[in-house]
Amino acid sequence: MKRRIIMSKELAKTYDPKGLEERLYQKWMDNGYFHAKVNPDKKPFTIVMPPPNVTGQLHMGHALDNTMQDIIIRFKRMQGYEALWQPGTDHAAIATEVKVIEKLKEQGIDKDEIGREEFLKHAWAWKEEYGSRIINQLKKLGSSADWERERFTMDEGCSKAVEEVFVKLYEKGYIYKGSRIINWCPVCQTSISDAEVLHEDQEGHFWHINYPVVGEEGKYVEIATTRPETLLGDTAVAVNPEDERYTDLIGKMLELPLTGRQIPVIADAYVDKEFGTGCVKITPAHDPNDFEVGKRHNLEEICIMNDDATINELGGKYAGMDRYEARKAIVKDLDDLGLLVKVVPHMHAVGTHDRCKTTVEPMVKQQWFVRMDEMAKEAIRALEDGELTFVPERFDKTYLHWLENIRDWCISRQLWWGHRIPAYYCDECGEVVVRRGGAPEKCPKCGCTHFTQDEDTLDTWFSSALWPFSTLGWPDKTPELEYFYPTDVLVTGYDIIFFWVIRMVFSGLEQTGKAPFHHVLIHGLVRDSQGRKMSKSLGNGIDPLEVIDKYGADALRLTLMTGNAPGNDMRFYWERVEASRNFANKIWNASRFIMMNLEKAEIPEQMPKESLTQADKWILSKVNALAKDVTDNMEKFELGIAVQKVYDFIWEEFCDWYIEMVKPRLYSDTDTTKAAALWTLKAVLGNALKLLHPYMPFITEEIYCTLNPQEESIMIASWPEWTAEWDFAAEETAVEVIKEAVRAIRNVRSSMNVPPSRKAKVFVVSEKEEVRSIFEDGKVFFATLGYASEVVIQADKAGIGEDAVSAVIHEAVLYMPFAELVDIEKEIERLKKEEERLTKELARVNGMLGNEKFVSRAPEAKIAEEKAKLAKYTDMMNQVQERLAHLTK
Ligand SMILES: [Zn+2]
Ligand SMILES: [Zn+2]
């Protein structure tokens with residue numbers, strides 16, 4: 001049901017965003033303006049919202065990201081597209097699981113004790129309670145997303161899509177289970193992706209250790225390591241094949257200390273001859289590079305750690321010790337055996353888990369992987385063929401770099417909150433069955449009916465990679481999918497190009513045959529006023545909700561877009577928010593002024609061109625050109641440039657110039673062009689509000705609907721388009737000439753300190769007939785803006801006094817009689833006082849500089865200072881006396 005709200009015809013006295021924003025958002029919701037539906041009569045335009053985490057709290061990054069999307073979607077909606085902004089939230093596997101564990105801990109409940117099923121009940125309850133918080137915060141920002149279509153990565157449809165993709169990729173051979181080296185967090189007890197590992201430089205050591213050569217008494221190979229405990233898992237020592245120092249060692253066996261095992265010396269080009277001793281211990285199960293070496297040389301992978309990073313039973317006497325405890329014990333034992341050569345302090349990069357800051361342990365594990373080579377090729381092709389473009393283009397490089405260096409994607413996580421892997425193992429024979437719709441009834445191999453589902457869940461990005469099409473109903477062929485997909489533009493930060501953008505692209509291409517969006521609009525980070533990243537640990541974050549509370553969402557949105565260029569970081573200043581609020585006040589007050597004057601004349605629906613004055617045509621022509629410019633910028637996603645143009649137009653051209661130009665017409669009882677002025681004010685304000693609406697939706701709605709009570713909402717009004725009707729090139733030029741004259745007069749007056757209240761006659765002298773007629777046409781407002789008591793337009797200098805002050809503009813000279821600008825008696829008095837003061841100052845300075853004692857004793861700088869004063873006062877004195885002579889002659 002549409003509900004029409006009849007507004008009072010008057011704007012509130014002062015602009016107060018608080019009550020207004022809440023009321024208007026409710027109106028938009030009630031009227032269903034955000035809802036988009038399949039409509040064959042319209043062209044679709046789709047944006048899929050990057051789903052915020054259900055654990056999320058609105059931060060400046062969200063505020064920027066969503067403001068940009070809302071601007072584009074409101075713009076397209078007004079342009080007549082069926083504009084869908086598809087929203088939803090992400091289950092955020094690890095983030096949520098951690099929150100739920102914490103909450104349970106507070107209640108004294110342990111995750112492992114209650115078990116999987118019970119834990120998931122708690123997790124869902126948590127989601128029900130807190131999951132919509134971020135959505136409500138996005139609403140406060142004014143987001144016009146289609147909330148009726150809100151989705152969740154773990155809802156039924158999205159989960160079905162996940163299962164479908166998993167099974168399809170598995171059947172195609174793109175998903176496999178394999179033992180691979182992965183990043184393991186011993187605290188979170190799960191594998192984590194490369195991108196979740198932070199590399200920090202830490203102080204550590206190089207432990208140099210001798211490995212005895214088998215059968216050659218007293219001969220050793222010296223290796224250096226930063227993690228001596230991994231020695232327990234060594235299966236070789238490698239040297240560079242071209243390293244002449246070690247040629248004779250290759251193929252020999254070494255005694256691996258503390259283990260009783262023997263390991264070979266192998267040759268591999270991966271070893272850097274210059275680094276350390278040139279001999280490298282190889283631990284395939286605990287180092288990614290060693291893992292690769294191990295594969296090349298068929299080395300055994302000996303995993304010596306448990307999941308909590310304690311040493312396992314393969315570690316002999318060290319079994320059960322924590323990795324750092326084992327390190328100490330091993331170093332001590334090596335020292336006792338005389339095998340520890342030296343310990344050298346060493347700064348090196350250590351990988352830590354971005355969430356819990358634990359040092360990550362590379363480990364070999366059975367995990368599920370997605371084979372990336374083929375799908376990465378397709379994603380590269382899509383960019384090269386222009387199926388997909390980045391704005392700005394330079395992010396092509398980031399995208400390609402990631403894809404060209406991509407490794408197989410480890411998708412299994414040892415978590416409970418997430419999509420459980422649809423793989424089932426036969427309890428009898430261990431056969432693996434991957435299928436849709438739950439466990440199979442019977443084992444295809446042995447006929448057994450008992451299965452156990454894989455314990456792992458999928459990487460949270462596995463489901464968000466499907467977001468652009470799973471939200472539209474895929475794998476079903478829904479009308480929505482047919483109509484709204486592929487989406488038009490994805491708006492996101494450069495920090496998740498790898499995590500998310502790439503994965504959506506190859507998933508979209510693989511599953512639907514189409515890139516999921518045509519453009520990727522990249523924005524930067526919002527930093528603090530000193531340019532630092534906003535972070536919890538620095539405590540420098542600014543809460544967008546606090547900004548909205550104090551200044552309103554419109555002011556926040558304008559602030560975030562002012563000076564914003566795609567891909568670049570920006571800084572947040574409270575002063576800018578104040579400036580945005582001041583702009584809102586300026587529009588509010590100007591609109592109130594216009595509305596209060598509307599009663600002064602009958603305004604027709606259409607105004608015949610002949611009735612319009614030069615100034616009316618000028619501003620109409622300006623707003624007409626503005627519409628074209630702003631549209632062009634917005635089509636190119638230059639949102640910051642577009643809003644700057646609207647801002648400048650409203651503040652300067654419209655408020656500071658045009659409104660001032662029409663005031664004499666509105667205030668005069670005899671003026672016959674009042675209706676034209678009012679009609680123009682209303683028309684131009686209406687269009688300016690529309691152009692501003694995507695950026696400042698609330699204030700524009702309030703003013704627009706008050707100005708046009710017959711209109712339902714500015715949201716569904718049509719976007720201004722350039723029209724030949726309002727193209728007045730000659731008047732545009734003419735008014736610019738007058739503006740130049742006004743500026744010239746104001747400059748002269750301010751340099752002479754003439755107050756605006758003091759009017760003076762202005763002569764406009766131009767040989768050119770057309771210039772004179774420009775001033776004739778604009779005489780009324782030119783007089784007001786130029787503080788003229790009278791305007792005289794003539795072709796020569798006849799009748800203009802010698803002492804008249806002049807200002808030169810293009811093709812004309814302006815003269816003002818000196819006596820009218822300045823009160824001569826008062827000026828003489830002032831100049832005489834000044835002469836007196838300068839005489840005293842000069843006497844003092846001359847006295848000092850004439851004093852032998854001072855000159856010989858004072859520091860050089862002091863003397864130079866006095867000399868400079870002397871020059872300055874002498875100069876001023878000359879000017880004062882010259883002007884006095886002129887005035888008293
Ligand atoms: Zn962790
Ligand atoms: Zn079986």
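The values are calculated or read from the model by the stated rules, or taken from the named source; none is laboratory data. Please read all numbers here as calculations on a predicted model, not as lab measurements. Cβ placement follows ideal geometry from the backbone for every residue including glycine, while neighbour counts extend to all protein chains displayed.
Name the helices (runs of 4 or more DSSP H) wholly within the stretch 803-889 that hold at least 1 residues that are aliphatic (A, V, I, L, M), more than 60 Å from the chain's Cα centre (by Cα) and modelled with pLDDT under 90?
824-850, 852-857, 860-888
With LEU545, LEU521, LEU538 as the choices, which residue is modelled with pLDDT under 95 and over 30 Å from VAL662 (Cβ atoms)?
After applying the criteria, what remains is LEU538.
Can you tell me how many residues within the stretch 347-380 are part of a loop (DSSP other than H, G, I, E, B), away from ligand 1 (no atom under 16 Å from the Cβ) and surrounded by fewer than 17 Cβ atoms within 10 Å (Cβ to Cβ)?
Of the residues in the stretch 347-380, 1 are part of a loop (DSSP other than H, G, I, E, B), away from ligand 1 (no atom under 16 Å from the Cβ) and surrounded by fewer than 17 Cβ atoms within 10 Å (Cβ to Cβ).
When only residues in the stretch 531-575 that are without any contact (Cβ under 8 Å) to a residue 24 or more places away in the chain and assigned to a loop (DSSP other than H, G, I, E, B) count, which is farthest from LEU692 (Cα to Cα)?
Of everything passing the filter in the stretch 531-575, SER537 is farthest from LEU692 (Cα to Cα).
Residue check: is VAL344 surrounded by 13 or more Cβ atoms within 10 Å (Cβ to Cβ) and either closer than 26 Å to LEU258 by Cα or in contact with a His (Cβ under 9 Å, 6 or more places away or on another chain) (or both)?
Here the answer is no, as VAL344 does not meet what is asked.
Could you check the stretch 278-305 and list, in sequence order, the residues that are in a loop (DSSP other than H, G, I, E, B) and surrounded by fewer than 16 Cβ atoms within 10 Å (Cβ to Cβ)?
Within the stretch 278-305, ASN298, GLU300 qualify.
I'm checking my understanding of the structure. Among residues of the stretch 692-714 that are of a type in the set (A, V, I, L, M, F, W, C) and touching a Lys or Arg at 6+ places or on another chain (Cβ under 7 Å), which one is nearest to ALA642 (Cα to Cα)?
Per the criteria, the residue is MET696.
Can you pull out every residue in the stretch 417-432 that is over 25 Å from PHE119 (Cα atoms) and within 9 Å of ligand 2 (Cβ to nearest atom)?
CYS426, GLU428, CYS429, GLY430, GLU431 - these are the residues of the stretch 417-432 that are over 25 Å from PHE119 (Cα atoms) and within 9 Å of ligand 2 (Cβ to nearest atom).
Here is a yes/no grid of residues against (1) acidic (Asp, Glu); (2) under 20 Å from LYS76 (Cα atoms); (3) not in a loop (DSSP other than H, G, I, E, B):
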residue	(1), (2), (3)
GLY640	no, yes, yes
VAL643	no, yes, yes
TRP651	no, no, yes
VAL662	no, no, yes
THR670	no, no, no
LYS682	no, no, yes
PHE698	no, yes, yes
GLU712	yes, yes, no
GLU721	yes, yes, no
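For the stretch 476-486, check the following and say yes or no: at least one residue is of a type in the set (A, V, I, L, M, F, W, C), closer than 25 Å to GLN69 by Cβ and more than 16 Å from ligand 1 (Cβ to nearest atom).
Yes, some residue in the stretch 476-486 is of a type in the set (A, V, I, L, M, F, W, C), closer than 25 Å to GLN69 by Cβ and more than 16 Å from ligand 1 (Cβ to nearest atom).
For SER179, indicate whether it is within 34 Å of the chain's Cα centre (by Cα), of a type in the set (Ser, Thr, Tyr) and away from ligand 2 (no atom under 16 Å from the Cβ).
No, not satisfied.
Could you list, in sequence order, the residues of the stretch 433-462 that are of a type in the set (Asp, Glu) and more than 16 Å from ligand 2 (Cβ to nearest atom)?
GLU455, ASP456, ASP459
Please list, ordered by first then second residue, the pairs with beta carbon atoms under 8 Å, 6 or more apart or interchain, first in the stretch 308-321 and farther than 20 Å from SER191 by Cβ, second exposed (fewer than 13 other Cβ atoms within 10 Å of the Cβ).
ALA319/GLU313
With the condition kept exactly as written, say whether any residue in the stretch 29-41 is surrounded by 22 or more Cβ atoms within 10 Å (Cβ to Cβ), on the phi < 0 side of the Ramachandran plot and part of a helix (DSSP H, G or I).
Checking the stretch 29-41: not a single residue is surrounded by 22 or more Cβ atoms within 10 Å (Cβ to Cβ), on the phi < 0 side of the Ramachandran plot and part of a helix (DSSP H, G or I).
What number of residues in the stretch 213-225 are crowded, with 19+ Cβ neighbours inside 10 Å and over 53 Å from the mean Cα position of the chain (by Cα)?
Adding up the residues that qualify gives 1.
Under 6 Å between Cβ atoms, which residue pairs at least 6 apart in sequence (or on different chains) link something in the stretch 414-432 that is within 25 Å of ASN183 (Cβ to Cβ) with a partner that is more than 16 Å from ligand 2 (Cβ to nearest atom) and in a strand (DSSP E or B)?
GLN414/THR190; LEU415/THR190; LEU415/THR457; GLY418/THR457; GLY418/LEU458; HIS419/THR457; HIS419/LEU458; ARG420/THR457
Just name the residue that is farthest from the chain's Cα centre (by Cα) out of those in the stretch 324-341 that are assigned to a helix (DSSP H, G or I) and exposed (fewer than 15 other Cβ atoms within 10 Å of the Cβ).
Looking at the filtered set, the residue picked out is ASP336.
What about HIS353, is it out of contact with any Asp or Glu (no Cβ under 9 Å at 6 or more places or on another chain) and either farther than 30 Å from VAL213 by Cα or β-branched (Val, Ile, Thr) (or both)?
In short, no.
Run MET752 past the list (1) closer than 30 Å to LYS869 by Cα; (2) buried (at least 16 other Cβ atoms within 10 Å of the Cβ); (3) modelled with pLDDT under 90 and report the number of the one that doesn't hold.
(2)
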